[in-house]
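We did not get these values from a lab; they are worked out from the coordinates using the rules stated. This is a predicted model, so every value here is computed, not measured. Here the Cβ positions follow ideal geometry from the backbone for every residue, glycine too, while neighbour counts run over all protein chains shown.
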């Protein structure tokens, strides 16, 4: 498959890229070489190859949750400059 100059300009427009007219032939050559490589890859027999999900083995890095005793509300609010029952009071953020 090869791309024409008109197709390069159409692709550039669809991709919202600005390709100056003097560079269209260079881009055309580059994209045609890339497409030729994909054509080569199509010829490789991959019938016995399992699909690859990730390049390296990834395992879950999260630690399990453990229930533990938390601080009492009174202890937490003791250092708060201003509080109301069980909430921190802060100045309004939105006008």
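Residues that are assigned to a loop (DSSP other than H, G, I, E, B), loosely packed, with under 11 Cβ neighbours inside 10 Å and either touching a residue at least 60 places away in the same chain (Cβ under 8 Å) or in contact with a helix residue (DSSP H, G or I) (Cβ under 6 Å, 6 or more places away or on another chain) (or both) do not occur anywhere in region 5-21. Within region 23-46, being more than 21 Å from residue 4 (Cβ to Cβ) and assigned to a helix (DSSP H, G or I) holds for 40, 41, 42.
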